[in-house]
Structure formats: structure tokens, C-alpha cells
Amino acid sequence: MKLITHNMLTSKCLKGVTTGYPLSIKATNVKVTEVDFNPEFITRIIPKLDWDVLWSAADSIGHSEGLPKTVEPKFEDDEEFLKKAHRVLLEIEVEEGHLTCPESGRQFPISKGIPNMLLTEAEVQ
Amino acid sequence: MNEEKKVERKRKRFSARLKSSKGIICTDTPGPNIVLCNSGQATGLEKSFIVKLIKSLSSDIQVPKFIAEKGESHSYLLFSTTKNAILFYNTFNGKAKIDENGTPLYMSFVERVPNNEFICQHDNPQGLFLLDNFISIEEEEHLIKYFDWDEDIVSSNLKNRQVKHYGYEFRYGTNDVDLNCPLAEKIPDVCDVLWTRLKEHGFDVGVPDQLTVNKYKPGQGIPSHVDRHSPFGDTILSLSLGSAVVMDWRHHSGKTVPVLVERRCLLIMKDEARYDWQHGIQPRTWDPIIETRSVQMGNNDKLIKVVTSDTVARETRISLTFRWTRSGPCQCNFKTLCDSVEKGNSNDIEDELASNLEELHVHKVYEQIAGHFSTTRHKPWPKVVEFLEGLPPGAVLLDLGAGNGKNILRRNDILQIAGERSSGLLNECKQYTQSIPGADCLRLDLLYPGLKHSCADVVICIAVIHHFSSKARRLQAICAISNLLRPGGRALITVWAKDQTRSNYLCKSKQSQTENEHLITVGGLDLPIHENRTQFQHNDLLVPWKLRNISGNKLSDKPESTLLRYYHVFEEDELSNLCKEVPGLYVISSFYEEGNWCVVCEKNITI
């Protein structure tokens with residue numbers, strides 16, 4: 001699971017859960033793989049993300065170093081920043097661990113890099 | 001003195017264990033909240049045990065709120081005052097016995113207790129009326145005496161409850177009555193008082209002619225259902241005797257509303273509540289306590305419904321369901337759950353059956369055939385490529401039901417999330433997409449996708465929705481897609497068409513066999529097995545997959561076994577009509593392509 005994906009995950013479908021966001025991450029195995037840097041992609045995706053959530057997610061798995069807590073107004077011109085964002089968004093992957101719903105405590109396992117968001121019928125709204 | 005030390009040592013050990021395994025922080029400073037360290041839902045603790053302890057203390061102590069989380073062997077008591085908590089602690093810690101072996105109960109004060117309360121987001125269904133205290137205590141007693149029966153002479157014993165009928169027998173296979181076979185026993189006179197009283201309350205609905213009496217013991221319930229539209233009129237009544245119960249109401253849009261039905265209450269279903277919502281009772285021995293609280297919203301007080309984590313035990317409940325029989329097609333304006341809406345050959349399948357059917361004949365099958373299936377799917381479908389052409393950098397694409405990921409684009413400037421239910425296919429997908437920078441995989445169910453609303457610029461859902469076995473579920477799937485789209489976002493949805501005459505699917509030398517076709521019964525439902533490479537004869541059917549094993553990288557020559565996948569094949573316009581039913585979704589184009597019906601739709605900007 002890449003942190004860009006984590007930014008969009010919610011446990012809102014659970015019965016009794018109102019926002020279910022963000023899910024906290026507990027990682028037992030984190031993998032870092034270098035991938036192509038495309039500044040236009042990063043520039044355009046950042047406004048669609050919840051940066052606070054991204055920062056905290058990176059921090060919770062020990063990868064927030066050097067990552068600014070806020071996005072500056074003219075971030076698109078700051079290549080160093082874009083590279084840091086690129087790294088956190090696309091290069092860091094949680095291979096094993098679990099996600100936890102902030103309201104109900106329900107855990108979603110992550111195995112072989114794939115979060116399992118399946119719910120039983122009894123659990124859903 | 002020695003005894004006291006021993007208790008304290010034990011108690012400390014339990015507290016430490018709670019801290020290390022559950023993160024629960026016990027405190028020595030007394031407060032109103034107590035954790036019972038070695039007794040909870042998993043150990044069989046019931047609230048009545050707590051009530052008994054409290055009553056033995058003093059009759060004027062309020063029974064504390066009781067929180068016993070599912071599967072836990074500890075639980076919590078929330079007293080109204082610290083004084084009462086201390087009294088309870090001093091009296092029972094290490095002294096009260098929790099089982100026949102005399103195991104003592106250990107407890108500790110805690111600061112934080114779990115908050116499992118939730119606010120009910122939706123109003124009660126329109127057309128649902130609850131007339132509390134519709135009958136007096138004496139009348140209730142009288143009715144219970146009249147209608148209750150001994151265990152041995154039950155007329156009909158269903159799996160979940162016991163029933164008895166008057167006027168006409170309710171037939172559970174077809175969920176209707178046979179108007180040609182009225183029962184000798186009519187609705188008894190003892191009910192007559194209800195009809196005049198109903199009129200006094202402003203409900204001029206006349207006198208019903210069918211009554212079903214249900215007896216629910218604690219632990220029994222009834223699956224979620226709508227009373228079939230066509231056999232019964234526009235009003236249905238339910239009188240509750242003996243026990244309150246929480247009834248769960250579900251709308252196909254995804255809304256759920258728990259409703260407390262008190263004993264002696266007359267519940268009236270009309271309009272939406274009668275026709276467009278399902279209702280059911282969960283099989284459990286207790287119900288959550290539902291409170292109405294007033295909260296300040298701006299300058300106004302607003303009443304909200306809170307489902308608390310506290311529970312109350314159920315008693316035996318007798319419900320009298322009164323209906324008005326009728327004949328002919330239903331005339332209602334609520335089509336989703338209506339049995340008079342034309343649905344091709346088969347009637348719509350009930351939700352519970354639908355989900356079992358899909359588990360058995362979709363999910364399990366895909367897990368088994370994942371490897372073989374994946375070898376048959378290599379290239380993205382041309383229509384998908386066309387639809388995704390011109391997607392700008394930075395776009396967010398969700399491929400729901402991604403299979404082995406063959407439709408994921410080899411691009412490095414967009415985010416592509418492949419969502420799939422089958423873990424076997426997902427593993428293939430993960431391998432296939434590994435080298436794509438902005439691609440990621442997610443195990444999910446399209447009905448409850450676990451992704452934020454409005455997160456996607458584009459959704460593709462290719463050959464997925466034909467695996468949902470009821471119209472309500474197919475609609476729910478499209479609702480889920482619509483929710484995930486941002487305003488202005490677009491989706492491509494494709495399903496298998498019943499009409500295969502314009503595709504390469506048909507094999508000319510093969511004829512479909514309608515005469516000696518095979519049927520398989522799944523949960524009481526007869527499904528025909530399709531003859532591959534022939535024209536479809538039905539809308540709901542099972543399609544054989546001849547599974548071949550893979551050893552090394554080679555597919556074996558001979559099939560090992562045949563597995564049956566459930567399909568609902570679509571009529572012309574069926575998919576686009578389904579999309580049009582979803583509020584805020586606008587159909588841009590609808591077309592036929594190689595044996596599939598395809599729809600491109602857009603999420604409305606204003607919604």
C-alpha cells in the first residue's frame with residue numbers, strides 16, 4: 001500500500017462509524033522502491049490530497065523526515081519539495097501491517113502490500 | 001488481612017494484563033467508571049447478573065450503564081456517581097462469584113471507557129407511524145392469553161420463530177396468500193376494539209382480513225424483508241405484545257434506521273415504509289438502548305436519536321401482523337422492491353439469498369479459477385482504452401473489479417487504484433502493476449468500497465455488475481460508483497448482454513437446449529446452467545467454467561473440473577435505466593459492444 005492510496009481509504013462503511021478517516025497505520029514491514037519521478041503528476045495530485053493526513057501517515061511509519069508539515073503556496077516551483085512528496089507518495093510502501101478505524105478500532109490487515117478492506121455483512125451500515 | 005492482600009495481588013495482575021494486551025489504563029483513584037477485569041461478553045456475562053448485584057446493594061442505586069464489547073472477556077460499568085462506584089467496588093471486588101466454580105470477580109477503576117454510541121443519521125422512514133400505548137396493560141394481558149400457545153401444539157414452526165395464521169394462511173414459499181383457500185378461523189373478535197380506536201387516531205383504513213401471529217423468544221428474529229407488494233394492500237399493522245424490540249429498517253439507498261418498538265405499541269406501515277423499505281429483527285437476546293437527546297444546533301434545539309452501547313434484555317414478544325389481502329398487479333409508485341415490476345423471467349432475489357449465491361457462485365469460483373482466468377485475459381479492452389484516452393496528468397482512476405489488472409494503463413502520471421474482491425486475482429494484479437509508479441492494489445467489495453466519496457476523476461467497472469444477483473444490489477453497486485466520483489467525474493460500466501447475436505461468442509454448430517436443460521437449486525432458487533457458446537435463454541443463470549490447472553507455466557490440456565459462475569445477463573437499456581435511477585448520475589452514452597452493454601455516465605456537478 002502506497003501512502004497516496006492510504007490518503008483515500010476510509011472505514012465509513014462500518015456500522016456506527018461516521019467518518020472513519022483517517023485510518024491509522026501499523027506497519028511491520030515497509031518497502032522503499034525507486035520509481036520514475038514525474039513532477040507534473042505530483043504537482044497535480046497534491047491539491048487532491050489531505051496533506052495533514054499524508055504527513056501523519058508518513059510520520060507514523062517513520063518516514064516524515066524532511067517532509068514539510070504544510071504545503072507552501074508556490075509548491076509547484078519547488079523541485080526539492082516535489083521530490084520529497086514523490087518519495088512519500090509513491091516510493092514508500094507498507095508491505096505488512098494493518099490499518100485501524102479511528103472510531104471502532106476495527107483492523108484491516110495489509111498483506112503482501114495489499115490492504116484488505118472487505119467487511120462482513122453484519123459490520124456494514 | 002491475608003485474604004485482602006491476595007485479592008489486591010490478583011486484581012493488580014489483571015489490571016497489568018489489561019494494560020499490556022488491550023491498552024486499558026486502570027487507576028487507583030476512584031471515579032464513576034469501573035472495568036470488570038475477568039468478566040465480559042466472551043465469558044458469558046449478562047446484564048442481569050449486574051442488575052442482581054446492584055439490587056442486593058440497595059434498591060435506590062441506579063443500575064449503571066453496562067458496556068460489554070463483543071468477543072471481550074472484560075466489560076465496563078459506568079455509575080452515575082463516584083460514591084456508588086466505590087460502594088460497588090468495596091462490596092464486590094474479589095468477592096462476587098461469576099460462575100459455579102466460585103471464581104471471584106476482579107475489577108478496577110478506569111478513566112476512559114470505550115464509546116460505541118452512535119448517532120442515527122437518518123429520520124424514520126416516511127409512512128412509519130408508532131402509536132405508543134395503543135392498548136392498555138389489561139388489554140395486552142388479555143391478548144397474550146388469547147394468542148399465546150404451548151410449545152407442543154404449534155401450527156407452524158419456522159427456523160427463527162413460531163407463527164399462526166387467521167383469515168388466510170401466509171405462504172412462506174411465495175410470500176403471499178391463496179385467496180381461494182380462506183381459513184376457517186377468521187381474525188378473532190377480540191381484535192375488534194382495535195379498528196374503532198385506529199379510526200379515532202385518524203387512520204381510516206377499515207378492517208383487515210389476514211392476521212399472522214409471530215412468537216419471538218429472546219434470541220429469535222426475522223431477516224430483513226419487505227412484505228410482498230401485490231398480495232397485500234397499502235397499509236400493514238403490527239401490534240407488539242410482551243416485549244419491546246428494536247426493529248432495523250433498511251432503504252436500498254443504503255440508509256439504515258434502528259427503531260424502538262415498545263410493547264403495546266401499534267406500528268403502522270404506509271407509503272415508503274410499506275413499499276420502499278425493508279425491515280427486520282436481529283436474532284439476539286438483547287437490544288441496544290436507544291435514547292432521544294436534545295442538542296443545540298445554532299439557535300435551535302434539535303432532537304437526535306442515539307444508539308447507546310448500553311443494552312436491555314428481550315422478553316418473549318408476540319406480534320400481531322394485520323394485512324389486507326388484494327389481487328392483481330401492485331399499483332404502488334415504489335419500483336425497487338415491487339414484485340409487479342417486469343424483470344424478465346425471474347423474480348428478484350432476496351438480499352440474503354443474493355449474497356449467499358454470490359459468495360458461492362461468484363467469489364469462491366473466482367478464487368479457484370484466478371490463475372487459469374488470468375491466463376485468458378491479457379490486453380485492455382479497446383473500448384476501455386478509448387474511454388481512458390486523453391485522461392490528464394494527475395487524474396485519479398479507480399478500476400473496480402480490476403481482475404488481474406489488464407486494464408491498468410502503462411502511464412506514470414496518473415493514480416490508478418485497482419480494486420478487486422478476489423485475492424487470487426489481486427495477487428496477479430499486483431505483479432502486473434508492480435512497475436507502474438502510480439498504481440496500487442486494494443482488496444474491496446464494490447458494495448462497501450472503503451474509499452472516500454468523490455475521490456475519483458474516472459471509474460471503470462468492467463464486467464462486474466452482472467455478478468450481482470438482485471436488482472437492489474446492482475443498483476447499490478452503481479450508487480457506490482456514483483458516490484466515489486467527484487462532481488463532473490465519469491464512469492464506464494460494462495456488463496454481459498443477453499443478446500449475443502452481434503458478438504463472436506456464439507458457436508454456430510451449437511444449439512441451446514431449452515428442453516432438457518439442467519437446473520441447479522441454490523437456496524431454494526432454481527438456476528439454469530448455461531450451455532457455453534449458445535444464445536442466452538434466461539436472465540439469471542450459471543455459466544460453466546472448465547477449470548484447467550497450471551503447472552509450471554503451462555496450462556494442462558484437460559479440464560480438471562467445472563465450476564459455475566452466476567451471471568445476470570442484461571437486456572437492452574437495462575443498464576442505462578439502472579444508472580438513471582441513481583440520483584446525480586447522468587447517462588452520456590449507452591452502446592452495445594462485442595456482447596456487452598456499456599454505459600458512460602457522468603456525476604452531476606450540482607449534487
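The values are calculated or read from the model by the stated rules, or taken from the named source; none is laboratory data. Computed from a prediction, not measured in an experiment: that's the story for all the values here. Ideal geometry is used to build each Cβ from the backbone, glycine not excepted, and the neighbour counts take in all protein chains shown. For accessibility, only protein heavy atoms count, side chains too; no ligands or nucleic acids. Shrake-Rupley method; radii C 1.70, N 1.55, O 1.52, S 1.80 Å.
Residues in the range A:60-83 that are in a helix (DSSP H, G or I), buried (at least 18 other Cβ atoms within 10 Å of the Cβ) and away from chain B (no Cβ under 14 Å): 1 in all. A single entry from B:N412, B:N427 fulfils the requirement of being open to solvent by 10 Å² or more (accessible area, probe 1.4 Å), within 30 Å of B:R548 (Cα to Cα) and in contact (Cβ under 8 Å) with a residue 24 or more places away in the chain: B:N427. Within the range B:366-385, is there a residue that is away from chain A (no Cβ under 11 Å), more than 27 Å from B:P544 (Cα to Cα) and either of a type in the set (G, A, S) or not in a loop (DSSP other than H, G, I, E, B) (or both)? The answer is yes, given that some residue of the range B:366-385 is away from chain A (no Cβ under 11 Å), more than 27 Å from B:P544 (Cα to Cα) and either of a type in the set (G, A, S) or not in a loop (DSSP other than H, G, I, E, B) (or both). How do the pairs read when you match residues in the range B:353-369 that are outside the structural domain of B:R473 (by TED's automatic domain parsing) and buried (at least 17 other Cβ atoms within 10 Å of the Cβ) with residues anywhere that are aromatic (F, W, Y) and in a helix (DSSP H, G or I), using Cβ under 9 Å and keeping only pairs 6 or more apart or on different chains? Listed pairs, sorted by first residue: B:Y366/B:F373. The number of residues in the range B:89-132 that are in a strand (DSSP E or B), more than 14 Å from chain A (Cβ to nearest Cβ) and either open to solvent by less than 70 Å² (accessible area, probe 1.4 Å) or closer than 30 Å to B:S15 by Cβ (or both) comes to 9.
When the range A:4-26 is filtered for residues that are under 15 Å from A:E91 (Cα atoms) and in contact with an Asp or Glu (Cβ under 8 Å, 6 or more places away or on another chain), the ones remaining, listed by number, are A:I4, A:T5, A:N7.
When A:A57 is tested against the conditions (1) at the interface with chain B (Cβ under 9 Å from one of its Cβ atoms); (2) within 19 Å of A:P102 (Cβ to Cβ); (3) among the aliphatic types (A, V, I, L, M), the lone failure is (1). What tally of residues in the range B:386-395 results from selecting those that are out of contact with any helix residue (DSSP H, G or I) (no Cβ under 9 Å at 6 or more places or on another chain) and either open to solvent by 10 Å² or more (accessible area, probe 1.4 Å) or within 14 Å of chain A (Cβ to nearest Cβ) (or both)? Matching residues across the range B:386-395 total 5.
Considering (1) under 31 Å from the mean Cα position of the chain (by Cα); (2) surrounded by 13 or more Cβ atoms within 10 Å (Cβ to Cβ), say which one B:E141 fails and leave the rest. Of everything listed in (1) under 31 Å from the mean Cα position of the chain (by Cα); (2) surrounded by 13 or more Cβ atoms within 10 Å (Cβ to Cβ), B:E141 misses just condition (1).
Within the range B:426-479, the set of residues being outside any strand (DSSP E or B), of a type in the set (G, A, S) and within 9 Å of another protein chain (Cβ to nearest Cβ) comprises B:S435, B:G438, B:G450.
Each residue in the range B:72-84 was checked for being part of a loop (DSSP other than H, G, I, E, B) and not aromatic (F, W, Y), and 5 of them qualify.
Among the residues of the range B:290-305, those that are aliphatic (A, V, I, L, M) and free of Cβ contacts under 8 Å to residues at least 24 places away in the same chain comprise B:V295, B:M297, B:L303.
Yes/no matrix, rows are residues, columns are (1) touching a residue at least 40 places away in the same chain (Cβ under 8 Å); (2) within 24 Å of B:D287 (Cα to Cα); (3) surrounded by fewer than 17 Cβ atoms within 10 Å (Cβ to Cβ):
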{"residue": "B:C181", "(1), (2), (3)": "no, no, yes"}
{"residue": "B:A184", "(1), (2), (3)": "no, no, yes"}
{"residue": "B:L198", "(1), (2), (3)": "yes, no, no"}
{"residue": "B:Q210", "(1), (2), (3)": "yes, no, no"}
{"residue": "B:S238", "(1), (2), (3)": "yes, yes, no"}
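Taking the criterion of being of a type in the set (V, I, T), surrounded by fewer than 18 Cβ atoms within 10 Å (Cβ to Cβ) and more than 11 Å from chain B (Cβ to nearest Cβ), the only residue of the range A:90-125 that qualifies is A:T100. Looking only at the range B:480-504, residues that are assigned to a loop (DSSP other than H, G, I, E, B) and either open to solvent by less than 30 Å² (accessible area, probe 1.4 Å) or over 20 Å from B:Q537 (Cβ atoms) (or both) come to 2 in all.
Contact map, the range B:23-52: first residue free of Cβ contacts under 8 Å to residues at least 60 places away in the same chain and within 16 Å of B:F88 (Cα to Cα), second residue in a loop (DSSP other than H, G, I, E, B) and open to solvent by less than 60 Å² (accessible area, probe 1.4 Å), Cβ cut-off under 6 Å, separation 6 or more or different chains; pairs are B:P32/B:F79; B:V51/B:V63. Against the conditions (1) buried (at least 16 other Cβ atoms within 10 Å of the Cβ); (2) on the phi > 0 side of the Ramachandran plot, where does B:G44 fall short? Just the number, please. Here B:G44 meets the rest and fails (1). Each residue in the range B:88-134 was checked for being under 30 Å from B:V226 (Cβ atoms), touching a strand residue (DSSP E or B) at 6+ places or on another chain (Cβ under 8 Å) and not β-branched (V, I, T), and 14 of them qualify.
Condition check ((1) surrounded by fewer than 20 Cβ atoms within 10 Å (Cβ to Cβ); (2) outside any strand (DSSP E or B); (3) among the acidic types (D, E); (4) touching an Asp or Glu at 6+ places or on another chain (Cβ under 9 Å)) across all residues:
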{"position": "B:E8", "(1), (2), (3), (4)": "yes, yes, yes, no"}
{"position": "B:K19", "(1), (2), (3), (4)": "yes, yes, no, no"}
{"position": "B:P30", "(1), (2), (3), (4)": "yes, yes, no, no"}
{"position": "B:I34", "(1), (2), (3), (4)": "no, no, no, no"}
{"position": "B:K55", "(1), (2), (3), (4)": "yes, yes, no, no"}
{"position": "B:F66", "(1), (2), (3), (4)": "no, no, no, yes"}
{"position": "B:K70", "(1), (2), (3), (4)": "yes, yes, no, no"}
{"position": "B:I86", "(1), (2), (3), (4)": "yes, yes, no, no"}
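Listed by position, the strands (runs of 3 or more DSSP E) contained in the range B:248-332 that have at least 2 residues being surrounded by 15 or more Cβ atoms within 10 Å (Cβ to Cβ) and either outside the structural domain of B:F232 (by TED's automatic domain parsing) or β-branched (V, I, T) (or both) are B:256-261, B:286-297, B:300-313, B:317-323. Could you please find all residues in the range A:16-37 being touching a residue at least 24 places away in the same chain (Cβ under 8 Å) and more than 29 Å from A:A122 (Cβ to Cβ)? Residues satisfying the conditions are A:N29, A:V30, A:K31, A:V32, A:T33, A:E34, A:V35, A:F37.
Filtering the range B:245-289 to residues that are touching a Ser or Thr at 6+ places or on another chain (Cβ under 8 Å), in contact (Cβ under 8 Å) with a residue 60 or more places away in the chain and within 14 Å of chain A (Cβ to nearest Cβ) leaves B:W249, B:H252, B:Q278. Of all residues in the range B:414-425, which are facing another protein chain (nearest Cβ under 8 Å) and farther than 24 Å from A:V32 by Cα? Of everything in the range B:414-425, just one residue is facing another protein chain (nearest Cβ under 8 Å) and farther than 24 Å from A:V32 by Cα, namely B:R421.
A quick yes/no check of all residues on (1) within 9 Å of chain B (Cβ to nearest Cβ); (2) open to solvent by 50 Å² or more (accessible area, probe 1.4 Å):
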site	(1), (2)
A:M1	yes, no
A:T10	yes, no
A:P22	no, yes
A:I25	no, no
A:W51	no, no
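Filtered by the rule that a residue be among the hydrophobic types (A, V, I, L, M, F, W, C) and either buried (at least 22 other Cβ atoms within 10 Å of the Cβ) or not in a loop (DSSP other than H, G, I, E, B) (or both), the range B:396-409 gives B:V396, B:L397, B:L398, B:L400, B:A402, B:I408.
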